[in-house]
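Participant: First the structure, then my questions, so here it is.
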Amino acid sequence: RRDEKSFLGLPALTFAGGYATACALETWIPLFRQDLVLGAVGGPLNRFRVTIGAIEFASLLDPPVIDALLFAPLGVLAVAALYELGIGYRRGAWLTAALGGVLAVVMEFAHGVLGLPISVGSMVTHAGAIAAGAFAGERLVPAVARHLTGARRVRSSGVKL
């Protein structure tokens with residue numbers, strides 16, 4: 001991607017990929033939700049079986065709203081990265097929202113093998129935040145790209161001229 005256009009001089013895929021990895025890891029091993037499900041012992045398949053039986057549907061009433069601040073920027077970065085790869089803003093936003101929803105569900109179930117509780121509220125919050133960030137990015141990324149041109153774009157990235 002060396003000779004391709006980019007928003008900040010580096011491919012947005014670099015930022016989006018790193019941020020997606022951080023979000024996936026936060027979903028898989030949540031920072032403030034590390035209490036094991038009662039009886040989730042033994043091998044990974046047994047722990048997963050036990051956690052599936054203990055899915056927290058009540059978490060819909062008390063979702064981790066603060067997580068939205070962590071996951072929304074992923075949507076914006078993904079739209080920028082997809083645009084640089086030749087996918088339009090609107091299509092990129094829809095694709096990001098769909099893949100973000102899949103990521104949120106898969107990673108929430110994935111930490112079941114660790115014996116950690118599966119939270120429906122977290123799934124909904126993470127998927128919704130990524131989608132909200134994507135649709136905000138559909139509007140914000142082109143506006144910022146129009147505003148940051150030439151030397152102004154370089155200065156915004158912290159590089160001295």
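The values are calculated or read from the model by the stated rules, or taken from the named source; none is laboratory data. Given the structure is predicted, the values throughout are model-derived calculations rather than measurements. Backbone-built Cβ (ideal geometry, glycine too); neighbour counts: all protein chains shown. The accessibility values were calculated without ligands, DNA or RNA, using every heavy atom of the protein model including side chains. Shrake-Rupley method; radii C 1.70, N 1.55, O 1.52, S 1.80 Å.
Participant: Taking just the C-alpha trace of the chain, give me its Rg and Dmax in Å.
Facilitator: 18.4, 60
Participant: OK, next. Mind checking the angle between helix 44-53 and the chain's longest principal axis? C-alpha axes, 0 to 90 degrees, to the nearest 10.
Facilitator: Taking Cα atoms only, the helix is inclined about 80 degrees.
Participant: Give me the percent of the accessible area of the range 22-161 that comes from carbon and sulfur atoms, probe 1.4 Å, all protein chains in place.
Facilitator: On the way: 5580 of 7810 Å².
Here carbon and sulfur together make up 71 percent of the probe-accessible area.
Participant: Let me have the 222 nm mean residue ellipticity of the chain computed from DSSP H runs of 4+ only, each contributing -39500 (n - 2.57), with the sum over all residues rounded to the nearest 500. Don't skip to the end; give the middle numbers.
Facilitator: Values: 6 runs with 101 residues, N = 161.
So the calculated ellipticity at 222 nm is -21000 deg cm²/dmol.
Participant: Roughly how many Å² is the accessible area per residue of the range 66-143, as a whole number, for a 1.4 Å probe?
Facilitator: Numbers: 3130 Å² over 78 residues.
Accessible surface, normalised per residue, equals 40 Å².
Participant: Now for a separate question. Quick one: angle between helix 120-147 and the longest Cα principal axis of the chain, in degrees between 0 and 90, rounded to 10, please.
Facilitator: Taking Cα atoms only, the helix is inclined about 0 degrees.
Participant: Taking +1 at the Cβ of each Lys and Arg and -1 at the Cβ of each Asp and Glu, which of Val65, Ile55, Pro44 sits farthest along the dipole of the range 43-99 towards its positive end, judged by Cα position relative to the Cα centre?
Facilitator: The Cα lying farthest towards the positive end belongs to Pro44.
Participant: Along the range 62-68, what does the Karplus equation 6.51 cos²θ - 1.76 cosθ + 1.60 (θ = phi - 60°) give for ³J(HN,Hα), rounded to whole Hz, x for Gly and Pro?
Facilitator: Karplus values, whole Hz, x for Gly and Pro: 9, x, x, 4, 4, 4, 4.
Participant: Would you calculate the volume per residue, in Å³, of the smallest convex hull containing every Cα atom of the range 71-111? Walk me through the numbers on the way to the answer.
Facilitator: Details: hull volume 2.4 nm³, N = 41.
Once divided by residue count, the hull of the range 71-111 is 59 Å³.
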